[in-house]
1. Does V83 qualify as being at pLDDT 80 or above and either of a type in the set (V, I, T) or in contact with a Phe, Trp or Tyr (Cβ under 8 Å, 6 or more places away or on another chain) (or both)?
2. If we keep just the residues of region 1-51 that are hydroxyl-bearing (S, T, Y) and within 21 Å of the chain's Cα centre (by Cα), which is surrounded by the fewest Cβ atoms within 10 Å (Cβ to Cβ)?
3. Could you run through region 58-80 and say how many residues are in contact with a Pro (Cβ under 9 Å, 6 or more places away or on another chain) and either at positive phi or modelled with pLDDT of 70 or more (or both)?
4. Name the pairs whose Cβ atoms lie under 6 Å apart, with the first residue in region 90-104 and among the small types (G, A, S), the second part of a helix (DSSP H, G or I), and 6 or more positions between them or separate chains?
5. Where the second residue is assigned to a loop (DSSP other than H, G, I, E, B) and of a type in the set (A, V, I, L, M, F, W, C) and the first is under 28 Å from G129 (Cα atoms) and lies in region 47-60, which pairs have Cβ atoms under 9 Å and are six or more apart or on separate chains?
6. Hey, any hits in region 3-12 for a residue that's closer than 22 Å to F126 by Cα, touching a Phe, Trp or Tyr at 6+ places or on another chain (Cβ under 8 Å) and in contact (Cβ under 8 Å) with a residue 40 or more places away in the chain?
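The values are calculated or read from the model by the stated rules, or taken from the named source; none is laboratory data. This structure is a prediction, so every number in the text was calculated from the model and none was measured. Glycine gets a Cβ as well: all are built from the backbone with ideal geometry, and neighbour counts include every protein chain shown.
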Amino acid sequence: MLKMSRAAFLEKGLPFILSVVVVLADQLSKAYIVNNYPVPDGSIITDVFNNGILEIIHVRNNVIAFSLGTSLPAFIRPALFIVLPLVVLVFLVIYYFISADWTRLQRWAIAGILGGGLGNIIDRIFPPGGTSGVVDFISVKFYGIFGFDRWPTFNIADSSVVVCVILWVITIFLMPQQTGKEKHGR
C-alpha cells in the first residue's frame, strides 16, 4: 500500500481545488446559457465587445474537438467520448499520486486538465436541459488562421484543458524535472 505523509498528501491534494473550481465555473456558466438561452441554435446571444471578436452563442457539440467523430456510429460514441476519457482521467489521477517526478506547477496543470475533462464528461452523462451534447458558447474570431474565420465554439472546460495542457507541455521542456530523491533530499 502506498504511504504518504500528511505534508505530501496536502501538496499533491491542494491542486485539486483548481479541478473543483473549473468544474463549478464550467457547469454554472453552462447552466446560465441553457437556462437563459435554451434553444441551441447557434445564434449570437451577445457580441461582447461589439466588434465581432468575442461572441456568446449556444451550440451543442455531440462529437469531440474540431468535429472529430462525426462519422462514427451513434452507439460507439459513448464508449469513445465517455468511457475512454474517464479511463484516461482515472489513470492520470493514479499516476499523479504515485509519481514524485512532477513539479508543483505541473501538478496544478494536471488538476486543471482533470477539471476540464470532468466538466465535459458531466455534460455527456447528464445532458443540460435534456438536449444531448456538450454545451459550447464561446466563439472567437480567428482571422483565417489555420483556415478558421472563427475558432470552433468552446466552453470553460475546453479552455482549462487547452491552457493547462500547453502549460504542462511547456514545463516538461523548460523546467527541470524533480525526482522523488531530489524532492525528499535523498
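1. Working: at pLDDT 80 or above: yes; either of a type in the set (V, I, T) or in contact with a Phe, Trp or Tyr (Cβ under 8 Å, 6 or more places away or on another chain) (or both): yes.
Answer is yes for this residue.
2. By that ranking, first place goes to Y32.
3. Residues in region 58-80 being in contact with a Pro (Cβ under 9 Å, 6 or more places away or on another chain) and either at positive phi or modelled with pLDDT of 70 or more (or both): 6 in total.
4. From region 90-104, the pairs are A100/G180; A100/K183.
5. D47/I53; L54/V48; E55/V48; I56/V48; H58/V39
6. Narrowing region 3-12 to residues closer than 22 Å to F126 by Cα: none.
No, region 3-12 has no match at all.
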